[in-house]
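Working notes, structure below.
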Amino acid sequence: MNNRKPDMRYNESGLKDMTAYIALRKIQREERQKLIHKLKDIAKQHGYEIVNIIRLKEIEEDKNER
(Lines give C-alpha, C1' and ligand atoms only; values in the text may rest on other atoms or scores of the structure.)
Protein backbone atom coordinates (compact mmCIF):
# COMPACT_ATOMS: atom_id res chain seq x y z
CA MET A 1 0.00 0.00 0.00
CA ASN A 2 1.41 3.38 -1.03
CA ASN A 3 0.64 6.16 1.50
CA ARG A 4 2.25 8.91 -0.56
CA LYS A 5 0.15 11.67 -2.02
CA PRO A 6 0.13 11.73 -5.80
CA ASP A 7 2.51 14.27 -7.32
CA MET A 8 0.27 17.17 -8.34
CA ARG A 9 2.75 18.24 -11.01
CA TYR A 10 1.57 15.38 -13.21
CA ASN A 11 -1.87 15.01 -14.75
CA GLU A 12 -3.87 11.78 -14.95
CA SER A 13 -2.05 10.84 -18.15
CA GLY A 14 1.30 11.05 -16.37
CA LEU A 15 2.39 14.20 -18.19
CA LYS A 16 3.83 17.18 -16.38
CA ASP A 17 1.27 20.01 -16.18
CA MET A 18 2.85 22.96 -14.38
CA THR A 19 -0.02 25.33 -15.20
CA ALA A 20 -2.53 23.16 -13.33
CA TYR A 21 -0.01 22.56 -10.53
CA ILE A 22 0.57 26.29 -9.99
CA ALA A 23 -3.19 26.96 -10.04
CA LEU A 24 -3.88 24.20 -7.48
CA ARG A 25 -1.09 25.42 -5.19
CA LYS A 26 -2.49 28.96 -5.35
CA ILE A 27 -5.95 27.70 -4.37
CA GLN A 28 -4.50 25.68 -1.47
CA ARG A 29 -2.50 28.69 -0.27
CA GLU A 30 -5.61 30.91 -0.37
CA GLU A 31 -7.61 28.31 1.60
CA ARG A 32 -4.89 28.13 4.28
CA GLN A 33 -4.69 31.92 4.50
CA LYS A 34 -8.47 32.15 5.00
CA LEU A 35 -8.32 29.51 7.74
CA ILE A 36 -5.45 31.29 9.52
CA HIS A 37 -7.37 34.57 9.35
CA LYS A 38 -10.40 32.86 10.96
CA LEU A 39 -8.17 31.41 13.69
CA LYS A 40 -6.72 34.85 14.41
CA ASP A 41 -10.24 36.34 14.60
CA ILE A 42 -11.35 33.63 17.05
CA ALA A 43 -8.28 34.23 19.22
CA LYS A 44 -8.96 37.98 19.22
CA GLN A 45 -12.62 37.47 20.19
CA HIS A 46 -11.43 35.53 23.23
CA GLY A 47 -8.81 38.09 24.22
CA TYR A 48 -5.78 36.39 22.71
CA GLU A 49 -3.31 37.14 19.96
CA ILE A 50 -1.47 34.54 17.91
CA VAL A 51 2.20 35.47 18.11
CA ASN A 52 3.96 32.59 16.38
CA ILE A 53 3.79 30.86 13.04
CA ILE A 54 0.78 28.62 12.54
CA ARG A 55 1.73 25.39 10.78
CA LEU A 56 -1.10 23.45 9.19
CA LYS A 57 -0.94 19.87 7.99
CA GLU A 58 -3.67 18.41 5.85
CA ILE A 59 -5.26 15.33 7.40
CA GLU A 60 -5.17 12.39 5.05
CA GLU A 61 -8.51 10.65 4.83
CA ASP A 62 -8.18 6.94 5.57
CA LYS A 63 -10.02 5.00 2.87
CA ASN A 64 -10.72 2.18 5.35
CA GLU A 65 -12.76 4.47 7.64
CA ARG A 66 -15.48 5.20 5.06
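Within the stretch 1-20, residues that are farther than 14 Å from GLU60 by Cα sit with their Cβ atoms under 7 Å from residues that are at pLDDT 85 or above and hydrophobic (A, V, I, L, M, F, W, C), at 6+ positions apart or across chains, in these pairs: MET8/LEU24; ARG9/MET18; ASN11/ALA20.
For the stretch 15-38, the criterion of being of a type in the set (Phe, Trp, Tyr) and modelled with pLDDT under 90 is met by no residue.
The values are calculated or read from the model by the stated rules, or taken from the named source; none is laboratory data. The shown structure was predicted, so the numbers you read here are calculated from the model rather than taken from an experiment. As a convention, Cβ positions derive from the backbone with ideal geometry for all residues, glycine included, and neighbour counts pool all protein chains shown.
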